[in-house]
Each structure stands twice: as C-alpha cells, then as structure tokens.
Amino acid sequence: MTEPSAELPLYRKLSAIAGAVYLLWWFAVQAFLPHAFNPIASRLAVVSYFLSTLALSYVSEAVRLRMREILIAGLWILTLHYYYLFHGNAGDLNWVVGAYITIIAINVFLLSEKALLSYSLYVIGLSAVLAYLMPDLRESVFLPGILTIVLQANLGLRSRLALIKSLRESTEQFQMLFNSTFEGVVVHQDGRIVNANDAYLRLTGFSRKELIGKEAFSVLHPEHRETAKERSKEGSVPPYESRVLAKNGEVIDVEIRGKTFEYNRRPARLVTVQDLRDRKSAEKEKVAALALAESVRVRDEFISIASHELKTPISALSLQAQLIDSDLKVTPPSEWPTLLREAMELFDRQLKRLDELIEAMLDVSRISGGFFAIEKRELDLSKVVREIAASLPLIRLGPKSEIALDLPAWAPMQGDARRLEQVVENLLTNAVKYGNGKPIVVRVRQDERETKLEIEDQGLGIAPEFLARIFDRFERAISPRNISGFGLGLYIVKQIVEAHGGTVGVASRLGDGSVFTVRLPRHEKL
Ligand code: ADP
C-alpha cells in the first residue's frame, strides 16, 4: 500500500480542482441562468468544504491522514447539494444535463469498485426520490440516462482499474529492483536528492523522508564535496573513492560511480555508492599480516646473526684461555710476563667487541622502548671526528685504510657529543670494514644553518636494491659469511641523527664505494 504521505499531494490537487471547478460552475450558472434557483449559502458551503479541507491539510495531521475519506464524503455532499438545486429548478433541462455532467465527473475520481458501487446506489436512490417528488421527470429520459451513466461507469471501471494495476505493478517492480541492488543508489536532480534505495538508507541510517529534498552534496564529507561537484558535471565518470556521512555522524569510505540520465523527462544524476569498509579492513589486515611476517623474519635472522656474532668473541676467549693454560705449562716463568701481556691484549680486544655488540643491542632496545634521549650541548664536530679517527686503528677491523680528514679547525654546533661520537664511529668503522683497504675521506662542512659530515670510501659499494633498507634494523646488504656485523650500526646512526633533527643518506654504486652524508642543524629550532 502506498504511504498516505505519497498520496497527499494528489488529494490536495483534487481538493483544489473541486473547489475551483465549483467556483467556475457557479459563475457559469450566474451568467447563463441568472434566474435559476441557486441559494448563496449552499454554494458557499460547497466551495468552503473543499477549500478548507485543502487549507486544513497543511495544519492538521488528522485531516492529512483522513484526506481520502473527507474528499469522498465531499463528493457525496456535492451530489446531494446538486439534487437539491435540481429540485429547486423543477427539473429544467439544463439541470438534467448538469446532473449528468456532475455524476460523470465524480465517477472519474472513484477508483475502487466498492466506492463506485455505493456511490452509484446513492445516485440511483437520490434520482428515485427526485422522480417521486417531481412526476414530470418520470416521463423524461432523466432516469434511463442516470442508469446508463452509472452502468457505463461501473463497467468502465474494470478496464481503468486493470490499467492502474499494471501501472502500479511496473512502478513497484522498478522500486523493488531499485531497492534490491546491493549498492546504494541515490538520484539527484537540480542539486537535490529525489530518490534513494534501501541499500543506501541501510548504509547511512537515514530514512527516505529525511533524505529526499536534501542538498545532494551535503551527504558527503566536506573534504570530498568539491571533487564530487566537479565530477558530476561529466556525463559518466569512472569509479572514484569518496566518503559519505551517516546519520550518526560516522564517516564511511565508499566508492562512487555517477551517470547523467533522464528522470521524469529532465536530466538527473544517478549515483551508485559502494561500501568500502570491508575491503579497506581486509586490506589493512593483509598489510598487518605482511608486516608481522616481516618482523618475524627479521627477528629470526637477528637471533641467528646475534648468536653467531656473540659466540665468535666468546669462543676466541675460551680458546685463548686454553692456549695460555697449556703455554704456561711449557714456558719458563721468566717469559710469563710477555705471554700474559699478549694474552691480555687479545682478551681486551675480544671483550671490547663483546661490549660493543651488547651496547648496540641495548641502544636498539632503548630506541624501541622509547627511552632513547639525547642531551644537546655546545660541541666541536671536528674534534669528535679527529678523536674517533685516531682511536680507530686500535679497533682493527680489517685491512687498514688510509683515512684523510678534511675538516675545519673548529666546527661548533649543538648536539649530544657521546651520541655523535657513536655516529662517526659507526660510519667510519663501516668505511673501513667495507672499504677494501682503499683510502677513506672524512669531510666536515658548515654553513649558517647546518653541519654536513661526509664519509667516503672506495670499497664494495651497495647494490641499489639494498640502498633503501640498510638503515633499517638488522638489515644487511652482505652475507654474514663475508664480513661480520649485526646490521644495527646504521639503524642506530639514523635514530641518533633524527633525534638531532637531522638526516642521513647514502650515495653508492656497487664496486665503486659509498658516500654517507649526515646533515645536522647547527642550532635548536625555535
Ligand atoms: P653491520 O655493519 O653490522 O652489518 P650496519 O647497520 O652498520 O650493520 O650496516 C648495514 C649494512 O649496510 C651492512 O651490512 C653493509 O651491507 C652495508 N654497509 C654499511 N656501510 C657500508 C659501506 N661503507 N660500504 C658498503 N656497504 C656498507
């Protein structure tokens, strides 16, 4: 059944038409039959019945809901009123014709068999009473005419109802199809929404009543309105992502397609809206699963590298301890001091390596735990570089390279001296480790705003596919079998540099060497 609200405009139109036609008829009678019996009170009553129904439909809910019954009652009263005038005019021929016209016109409005049948019986009854009151009428064609009209109306109604039924069915079928699509569909015309299907209502939580008449783009998130307006000017647009607002204020990710078409013989816009939330959360889950798998891989790799790296100095230490033990047994006590000094140096080196490895692991755990802080003070970066370069040969990591320092005498800046020592040491150690014994250059340059540190080697270089990753945790561009390492040094370097508000990058070609560049702001940003 159609909602009362949907038929309301039709009933209002009918009330207006009935009132206006009656007024017209009033003036026509006045003009052509000036002496006819036509009391003003009854005329006013009929006109005001229809016009006041129309007016009340705007203010009273009760009238709005009973509009149909009130109008049908009005048609009955109108008929009675007409027969009253008919009687007053003594069956004049003009009034006979008028009666026929009135009944035919009213029959057209009655669209159910029950309403038409009861109205027909009512008219026949009234006509019989009139024929009884006015014997002349019985001699005329009045009664057969009325009967013919009533019969014809009742027979004609059947085909009219069939037509209305098939029309209603096709509208219902259309509405059903419109509502049964999984995608939300909205139709807008002249900037206002004129229709929306059930899927759209379910998606947004609005009722059809709330949506119809709304400004078309107001249902989109404000950031997406301009784009949608632009796109709606094109005939048919490929799907694009947007966001709609639900009634409860939720912002929903959707995919929109738009198309211009004819709606009620005027151009309108058909917009389909597909909910992307499921797809988006599936995508997010996939990304999270990949990230998890990656972190498990990195962790496993780290455990294998770490156990290998930590084991090397420990086995070297225990081997040395055994060697010393057996050496002491065969060496005369006079030579013990030399033996012990050499042994101590070796112990010292291996312990230092162990200490570095453990320190690196601690730094990483501080960084990931968020406990990594730097303390900025005035420092001289040239001095930092000079000291590290001088201490480096003691570390003895590989074939010795010549290190050339290209530094200003004094490079003052704000920073954490201990942490920046770590940066220089890590980068320089790498340059030696991966430098193939070729010369290394360390450069420091300063301008007003920043200090630039460059460490250049001519060693192995880095393959392009690794360039982006070597600053990540546990990432290595080289097999652990070739050169030992944790894959933590550059990660720590990056964290320290970024904590200073700076950047670190690398330019490298496989086989040609690498240049690592660190840029640090000279002063605290205000
Ligand atoms: P580690 O040296 O302990 O492996 P780093 O984080 O210091 O860890 O370096 C990560 C990776 O970057 C190294 O394994 C190496 O493959 C590459 N790398 C770093 N510095 C250089 C360099 N100067 N030349 C070539 N490769 C380098």
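Within segment 360-392, the set of residues being more than 19 Å from residue 295 (Cα to Cα), open to solvent by 70 Å² or more (accessible area, probe 1.4 Å) and assigned to a helix (DSSP H, G or I) comprises 383, 386, 387, 390. Residue-level analysis places residue 438 outside the set of residues that are open to solvent by 70 Å² or more (accessible area, probe 1.4 Å), within 23 Å of residue 513 (Cβ to Cβ), of a type outside the set (Asp, Glu) and modelled with pLDDT under 90. Quick check on segment 408-435: of everything there that is more than 9 Å from the ligand (Cβ to nearest atom) and in a loop (DSSP other than H, G, I, E, B), which residue is surrounded by the fewest Cβ atoms within 10 Å (Cβ to Cβ)? Here the residue is 409. Just one of the numbered conditions (1) within 24 Å of the chain's Cα centre (by Cα); (2) at pLDDT 90 or above; (3) not basic (Lys, Arg) is not true of residue 212: (2). Cβ-Cβ contacts under 6 Å between residues 6 or more apart (or on different chains), taken from a first residue in segment 227-247 that is at pLDDT below 85 to a second residue that is surrounded by 13 or more Cβ atoms within 10 Å (Cβ to Cβ), are listed as 235/260; 236/259; 237/231; 237/258.
In segment 190-226, of all residues being of a type in the set (A, V, I, L, M, F, W, C) and part of a helix (DSSP H, G or I), the one that is farthest from residue 257 (Cα to Cα) corresponds to 211.
Check every one of the helices (runs of 4 or more DSSP H) wholly within segment 32-146 and list those with 2 or more residues that are within 30 Å of residue 165 (Cβ to Cβ), of a type outside the set (Asp, Glu) and open to solvent by less than 20 Å² (accessible area, probe 1.4 Å).
By residue number, 40-59, 67-88, 93-109, 113-133.
Sub-6 Å Cβ pairs linking a first residue in segment 192-203 that is at pLDDT below 90 to a second residue that is assigned to a strand (DSSP E or B) and open to solvent by less than 10 Å² (accessible area, probe 1.4 Å), at least 6 apart or interchain, are 194/187; 195/187, ordered by first then second residue. When you check residue 230 against the structure, is it open to solvent by 70 Å² or more (accessible area, probe 1.4 Å), farther than 14 Å from residue 184 by Cα and in a helix (DSSP H, G or I), yes or no? Yes, satisfied.
For segment 459-470, the set of residues classified as surrounded by 19 or more Cβ atoms within 10 Å (Cβ to Cβ) and either closer than 23 Å to residue 498 by Cβ or more than 9 Å from the ligand (Cβ to nearest atom) (or both) consists of 462, 470, listed by residue number.
Per this entry, residue 89 is not counted among residues that are touching a residue at least 60 places away in the same chain (Cβ under 8 Å) and over 53 Å from the mean Cα position of the chain (by Cα).
One residue stands out among those in segment 300-348 that are of a type in the set (S, T, N, Q) and open to solvent by 90 Å² or more (accessible area, probe 1.4 Å): the one that is farthest from the chain's Cα centre (by Cα), which is 334.
The values are calculated or read from the model by the stated rules, or taken from the named source; none is laboratory data. Given the structure is predicted, the values throughout are model-derived calculations rather than measurements. All Cβ positions, even for glycine, are placed from backbone atoms using ideal geometry, and neighbour counts span all protein chains on display. Please note that ligands, DNA and RNA were not included when accessible areas were found on the heavy atoms of the full protein model with its side chains. Shrake-Rupley method; radii C 1.70, N 1.55, O 1.52, S 1.80 Å.
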